[in-house]
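Written below as structure tokens is the structure these notes are about.
Each value in this text was obtained by applying a stated rule to the coordinates, not by laboratory testing. Model, not experiment: these values are computed from the prediction. Please note: Cβ atoms are built from the backbone with ideal geometry, for glycine as well, and neighbour counts cover all protein chains shown.
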Amino acid sequence: MAIEQVKLLEPLEVQFSNITPSTLKIGGGIAGIKAAMAIADAGYKVYLVERDLTIGGHMALFDKTFPTLDCSICFLGPLITHFASRSFSSQILFKSKSYGRRVIQINSRIYL
């Protein structure tokens, strides 16, 4: 019965639109930085949005990390430097407010 109804359907019209291949990555923690770096290394422009004034998330607050007992900045420093070296394809934005699930208002911007 359902297959018989498919015979009556009209084909969809092909539509084309211009897109900008860029990514808005929300969350500047360790996972957000790593994900943004992977996208930037693939050649796409990345906007990393963080709600706090610093990136690094909770890991930036730790004194020592398991299992090597290194300081957190010893791990985060090279990641942030690597992300910042991709200045042509990455930016860090700090958000002020969000409304709903789709709109983000950005107040300040840092160009790396």
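Look at the dipole of segment 12-69 built from charges on Cβ: of A31, P67, F16, the Cα furthest out on the positive end belongs to P67.
Here segment 65-82 is scanned for amide nitrogen atoms under 20 Å from the site 7 Å beyond the Cα of H58 along Cα-to-Cβ, giving 65-77. For K25, a cut-off of 13 angstrom between C-alpha atoms picks up these aspartates and glutamates, skipping any fewer than 8 places away in its own chain: E50. By the count of other C-beta atoms within 10 Å, a proxy for reagent exposure, F75, F66, F83 are ordered fewest to most as F66, F75, F83. Note on segment 1-86: Cα-Cα pairs beyond 21 Å make up 50% of the total pair count.
Hey, fewest Cβ within 10 Å first, where do K45, K25, K34, K64 land in order?
Neighbour counts put them in this order, fewest first: K64, K34, K45, K25.
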